[in-house]
Amino acid sequence: MGTHRIALVTGANQGMGKQLATELVSDGTTVFVGARNLDRGEAAAAEIGDGATALHLDVTDATSIRGGRPTHP
């Protein structure tokens, strides 16, 4: 039986985080695209493709961390 991998990548709406998320998704990993700006996170998840889901997350805000939830289109 195989194992399905799931990853949370913070800052995945741009730069290195986005590249990492893209590579993980292309390798079959489900990725939560963590972003402080949900609109940008959703846009990045759409660009990354199936397997990527936006997640509003600001790692400098404890309330955001406790309340982080994936969004579903």
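The values are calculated or read from the model by the stated rules, or taken from the named source; none is laboratory data. Given the structure is predicted, the values throughout are model-derived calculations rather than measurements. Backbone-built Cβ (ideal geometry, glycine too); neighbour counts: all protein chains shown. These accessible areas exclude ligands, DNA and RNA; they are computed on the full protein's heavy atoms, side chains included. Shrake-Rupley method; radii C 1.70, N 1.55, O 1.52, S 1.80 Å.
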From 44, 35, residue being modelled with pLDDT under 95, touching a strand residue (DSSP E or B) at 6+ places or on another chain (Cβ under 9 Å) and open to solvent by less than 20 Å² (accessible area, probe 1.4 Å): 35
Test: residue in the stretch 42-53 that is outside any helix (DSSP H, G or I), under 11 Å from the mean Cα position of the chain (by Cα), closer than 26 Å to residue 3 by Cα and of a type outside the set (Gly, Ala, Ser): yes
Some residue of the stretch 25-36 being more than 14 Å from residue 57 (Cβ to Cβ), within 11 Å of the chain's Cα centre (by Cα) and in a helix (DSSP H, G or I): yes
